[in-house]
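Undergrad: Structure in structure tokens, see below.
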Amino acid sequence: MPDGYVCVRVDSRGAGALAGYLCHNNARETRDIHLCVEWAAKQSWCSGKVGMNGISYYASNQWRRAASQPPHLAAICAWEG
């Protein structure tokens, strides 16, 4: 963490080796993202401020997540979404 940032990559349920089934753009996935943001904020390596970055599908996820105002989501960088 030389610059004070950590990058966390999260797969959707059902992606890769994760259990479950993919269900893009639905309430369950949006809720899962909320839980991931809050999980990251509570880790010892986190300042409590979480940002999201992404393009296209990942950008649209950010807009949906930001709309629910999670307490630790400090910024989004949604481009081409």
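Undergrad: Could we say that residue 22 is part of a loop (DSSP other than H, G, I, E, B) and without any contact (Cβ under 8 Å) to a residue 12 or more places away in the chain here?
TA: On the way: part of a loop (DSSP other than H, G, I, E, B): yes; without any contact (Cβ under 8 Å) to a residue 12 or more places away in the chain: yes.
When the stated conditions are applied, residue 22 passes them.
Undergrad: Picking from 10, 6, which residue would you name as being assigned to a loop (DSSP other than H, G, I, E, B) and touching a Cys at 6+ places or on another chain (Cβ under 6 Å)?
TA: Values: 6 fails: touching a Cys at 6+ places or on another chain (Cβ under 6 Å).
Result of the check over 10, 6: 10.
Undergrad: Can you tell me which residue within segment 1-55, out of those that are of a type in the set (D, E, K, R) and open to solvent by less than 70 Å² (accessible area, probe 1.4 Å), is farthest from the chain's Cα centre (by Cα)? So that I can check it myself, show each step before the final result.
TA: Initially, segment 1-55 is screened for residues of a type in the set (D, E, K, R), giving 3, 9, 11, 13, 28-29, 31-32, 38, 42, 49.
Adding the requirement that they be open to solvent by less than 70 Å² (accessible area, probe 1.4 Å) leaves 11, 28-29, 32, 38.
Values: 11: 10, 28: 13, 29: 10, 32: 8, 38: 9 Å.
Top of the filtered list is 28.
The values are calculated or read from the model by the stated rules, or taken from the named source; none is laboratory data. Keep in mind that what you see is a predicted model, and the values were worked out from it rather than measured. Here the Cβ is made from the backbone with ideal geometry for all residues, glycine too, and neighbour counts use every protein chain on show. All accessible areas refer to the heavy atoms of the entire protein, side chains included, with ligands and DNA or RNA removed. Shrake-Rupley method; radii C 1.70, N 1.55, O 1.52, S 1.80 Å.
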